[in-house]
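Written out below as structure tokens is the structure these notes cover.
The values are calculated or read from the model by the stated rules, or taken from the named source; none is laboratory data. Just so it is clear, the structure is predicted and the values come from calculations on it, not from any experiment. Here the Cβ positions follow ideal geometry from the backbone for every residue, glycine too, while neighbour counts run over all protein chains shown. Just the protein is used for accessible areas: all its heavy atoms, side chains included, with ligands, DNA and RNA removed. Shrake-Rupley method; radii C 1.70, N 1.55, O 1.52, S 1.80 Å.
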Amino acid sequence: LANGLKRTSSKLTDNLGGLLGSDRLDKATLDDVEDALIASDLGPTTAARIRDRLTDARFDRGVDEKAVRVVMADEIAKVLGPVAKPLRIDAFPRPQVILVIGVNGSGKTTTIAKLAHLFLEQDYGVMLAAGDTFRAAAIGQLKVWAERLGVPIVTGPEGGDAAGVVFDAVKQATATGIDVLIVDTAGRLQNKRELMDELAKVRRVLGRLNPAAPHDVVLVLDATTGQNALSQIEIFKEVAGVTGLVMTKLDGSARGGVLVAAAEKFGLPIHAVGVGETIDDLRPFDANELARAIAG
Ligand code: GDP
């Protein structure tokens, strides 16, 4: 397992450690296992399916902990496998426009920098747009990343019109042959109506310049928020449309089990995971790897 993901397993392992020491998986133990799986944010559907599989497997002659974990990882991977989809740059005409959305603090800005770095490594021309005009700090932070990465950035004044910034950015990106335009957006969920209007306007402007844009609407989720990620997906789906997910901060103690519940519920592609604060700390989403990390 990649170092960054190792610790994601700790919580479920803790929860299950005692249970798996039992002689056999009787009903009470299976109940406890199911509860532990739900407590790990896996969601009731997957938890129930794992329970069924464990019942079928009949651990009559003692509980083989390793076999139990294999069953779990297997069921989790079945859910995550179909949604593991890297972000591809394949839109024509260029540029491919990627809107990045998410609540403040989720790791949105850092993820934009990581994605820019990834696309640069793949030899694409990248441009950033500072569409979060609400926070001066957000504009400044994105500028710093753009300088570090050596990519052009389009910004507007603080409190200015986000759609205007995006309009300018698409014009410039088109004129200069940019392949990928990554757009930061405001993450003020506190004022849902305003955010919705703003993102709708950004989408309208984009659509007028290129009917296929935005090509991707990537929602950034913070693994440490656990179950909360589900309601964020729900809200941002309504506010902005979401085409895919990135989960950050999987290098901490958070386990990312909620991605299983999210995959069950929404079936949205999961593009990548963040495992640290530097631009190299973005990994393509690997269903088997996360499944093994969650199952321990
Ligand atoms: P934004 O407000 O959503 O734009 O969030 P930022 O990109 O500014 O990130 C908020 C904090 O989380 C910063 O301190 C980042 O360095 C940190 N961060 C972002 N992604 C990750 C990650 O994958 N792992 C860790 N450990 N920290 C992260």
Given a 1.4 angstrom probe, what's the average accessible area per residue across the chain, in square angstrom? 43
To the nearest 20 Debye, how big is the dipole of the stretch 177-296 about its Cα centre, given +1 on the beta carbon of each Lys and Arg and -1 on that of each Asp and Glu? 460
Whole-percent carbon and sulfur contribution to the accessible surface of the chain (1.4 Å, no ligands, DNA or RNA) stands at 49
Projected area of the stretch 104-170, taken from the Cα convex hull and averaged over every viewing direction, in nm²? 4.2
Neighbour net charge for Arg58 - beta-carbon separation under 15 angstrom, K R +1, D E -1: -1
How big is the Cα convex hull of the stretch 168-296 in projection, averaged over all directions, in nm²? 9.0
Work from the charge dipole of the chain (Cβ charges, +1 for Lys and Arg, -1 for Asp and Glu, about the Cα centre) and give the residue of Ile178, Leu99, Leu80 farthest towards its positive end. Ile178
So for the chain, taking the charge dipole from beta-carbon charges (+1 Lys/Arg, -1 Asp/Glu), which of Phe266, Val205, Leu142 sits furthest toward the positive end? Val205
Quote the charge dipole size of the stretch 162-224 about the Cα centre in Debye, to the nearest 20; the model charges only the Cβ of Lys and Arg (+1) and of Asp and Glu (-1). 300
Could you work out the helix-only [θ] at 222 nm for the chain, with each DSSP H run of four or more residues adding -39,500 (n - 2.57) and the total divided by the number of residues, to the nearest 500 deg cm²/dmol? -15000 deg cm²/dmol
Out of all DSSP beta bridges with both ends in the chain, state the antiparallel percent to the nearest 5. 10
Which is the longest stretch in the chain that no exposed loop site breaks, taking sites as GluC sites (Glu not before Pro) with a DSSP loop state and at most 16 other Cβ atoms within 10 Å? 1-157
Tell me, rounded to the nearest percent, the portion of alpha carbon pairs in the chain spaced more than 30 Å apart. 35
Taking the Cα centroid of the stretch 106-128 and of the stretch 189-250, what is the distance between the two, rounded to the nearest whole Å? 17
I'd like the projected area of the stretch 109-221, averaged over all directions, using the convex hull of its alpha carbons. Report it in nm² with one decimal. 6.7
Which pairs, out of Lys171/Lys192; Lys85/Lys265; Lys78/Lys108; Lys85/Lys143; Lys27/Lys249; Lys108/Lys201, put more than 26 Å between their alpha-carbon atoms? Lys171/Lys192; Lys78/Lys108; Lys85/Lys143; Lys27/Lys249
Rg/Rh over Cα atoms for the stretch 24-172, Kirkwood Rh, comes to 1.22
When you count, for each residue, the other Cβ atoms within 10 Å and take the mean per peptide, how do 240-247, 255-262, 89-96 rank with the highest first? 255-262, 240-247, 89-96
Work through the residues other than Asp184 whose Cβ is under 9 Å from its Cβ and net out their charges, Lys, Arg +1 and Asp, Glu -1. 0
Once fully extended, how much extra length lies between Phe266 and Asp23, figured as 0.36 nm per residue of separation less the alpha-carbon to alpha-carbon distance? 83.7 nm
Given +1 on the Cβ of Lys and Arg, -1 on the Cβ of Asp and Glu, and no further charges, what dipole in debye does the stretch 16-146 carry about its Cα centre, rounded to the nearest 20? 620
Once you have the Cα-Cα distance between Asp280 and Ala67, take 0.36 nm times their residue separation minus that, and quote the gain in nm to one decimal. 73.2 nm
Cβ-based net charge around Ala28, under 14 Å, with every Lys or Arg adding one and every Asp or Glu removing one: -3
Tell me, what are the semi-axes, in whole angstrom and largest first, of the equivalent ellipsoid of the stretch 232-296 as set by the roots of 5 times the Cα gyration tensor eigenvalues? 20, 15, 10
